[in-house]
């Protein structure tokens, strides 16, 4: 029963790590790798258990199970280094907490290891659900949106693991026989309270970043609205002048036609058409908020002598919020403009913005030319001048929020951002 309990604990820990890092099977080889690795680890652990005994196995548990599992996830996880270490140490603390709670409950039934393992297995199911439902969203948000502070977050679970291992508490028999249950429970309470504070901090950080995004977007909309209002005022003034001059235009055209000078009349009509186009405020899409954002960025692009092509089709009802829709477009277009301004030749500055609807899904494609090379980390473009690719990370996070997908590719001087929402 002891060996079975350890095996099931390893499987549970592996599942929870996959859950917290949002492990995706993009390639079958990753699934095969993890499956074979876990099986191999179980075989080795069983061999050590059977041939060297329970006490030796528990002394080597960190090296036989915890460290190898961390190394395995390095090869398949989208998050590496200190972020993965935090998740891994958190799962270790979680499993240790479950075991201590099981020991506490089993103390009412004679402190039997067999009863303790049964209770642990029963507790794994609700613990997994609670972790997925309440903890996972905050941890994932932090993993996706911040690169700072993870070393500090790792201090607590690392300290807990070191103290647990150094005091011999991985040997559950010692915990039961040496009457160290009370100090262990104190450590458990401290760990739980500390993690509640960490998750509260994650929640506050998430709310703060969300509020900051909303404020940035609102400021952008205000700026775009002011520009749009100025354009409308200018258009209105030009319209008044144009109406005043209309009689003179018609008289001149009539004079050309009376003299049978069709070429001059046609040339003058073309000039009048151009003047009409200049007083028209362009509408890019049916969504008011996005139209303001588009006006803001298209105006910005044209000031940089960038040729802009747009074709945006939106349904009447959107499953995505206006804020997220505007964030996706603003981040993608801003990244494109930042790349285009570095191109010396004006003829090569081309930005294409396309959005179509198909089967209740938005297909967004933003294409821009660029010079130089683009660095990718985990298939996300990284640019030091863009604060380490926060814009593209934001796009990826929003796509994932709506069960969509996004991809970034660069080839032959063309960078493409494809998003499905």
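The values are calculated or read from the model by the stated rules, or taken from the named source; none is laboratory data. Keep in mind the model is a prediction, meaning the values are calculated, not measured. Using ideal geometry, Cβ is built from the backbone for each residue, glycine included, and neighbour counts are taken over all protein chains shown.
Computed quantities for the displayed model
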{"quantity": "Some residue of the range 31-49 being assigned by TED's automatic domain parsing to the domain that holds residue 142, over 23 Å from residue 162 (Cβ atoms) and at pLDDT below 80", "calculated": "yes"}
{"quantity": "Test result for residue 47, surrounded by fewer than 17 Cβ atoms within 10 Å (Cβ to Cβ), free of Cβ contacts under 8 Å to residues at least 60 places away in the same chain and part of a helix (DSSP H, G or I)", "calculated": "yes"}
{"quantity": "Selected residue (only one of 119, 139, 105, 115 is surrounded by 13 or more Cβ atoms within 10 Å (Cβ to Cβ), in contact with a helix residue (DSSP H, G or I) (Cβ under 9 Å, 6 or more places away or on another chain) and within 30 Å of residue 395 (Cβ to Cβ))", "calculated": "139"}
{"quantity": "Qualifying residue in the range 104-116 (condition: assigned by TED's automatic domain parsing to the domain that holds residue 12, assigned to a helix (DSSP H, G or I) and within 20 Å of residue 70 (Cα to Cα))", "calculated": "no"}
{"quantity": "Among the candidates 8, 64, 3, 89, residue that is without any contact (Cβ under 8 Å) to a residue 60 or more places away in the chain, within 28 Å of residue 143 (Cβ to Cβ) and in a helix (DSSP H, G or I)", "calculated": "64"}
{"quantity": "Test: residue 392 is at pLDDT 85 or above and either surrounded by fewer than 20 Cβ atoms within 10 Å (Cβ to Cβ) or assigned to a helix (DSSP H, G or I) (or both)", "calculated": "no"}
{"quantity": "Single match in 63, 135, 75 (criterion: more than 22 Å from residue 20 (Cβ to Cβ) and within 33 Å of the chain's Cα centre (by Cα))", "calculated": "63"}
{"quantity": "Residue within the range 308-320 that is out of contact with any helix residue (DSSP H, G or I) (no Cβ under 6 Å at 6 or more places or on another chain), at pLDDT below 80 and surrounded by 12 or more Cβ atoms within 10 Å (Cβ to Cβ) present", "calculated": "no"}
{"quantity": "Residues located in the range 67-84, provided they are within 19 Å of residue 15 (Cβ to Cβ) and surrounded by fewer than 20 Cβ atoms within 10 Å (Cβ to Cβ)", "calculated": "67, 68, 70, 71, 72, 74, 75, 76, 78"}
{"quantity": "Qualifying position, being surrounded by 15 or more Cβ atoms within 10 Å (Cβ to Cβ), farther than 29 Å from residue 393 by Cα and either at pLDDT 65 or above or not assigned by TED's automatic domain parsing to the domain that holds residue 92 (or both), among 188, 199", "calculated": "188"}
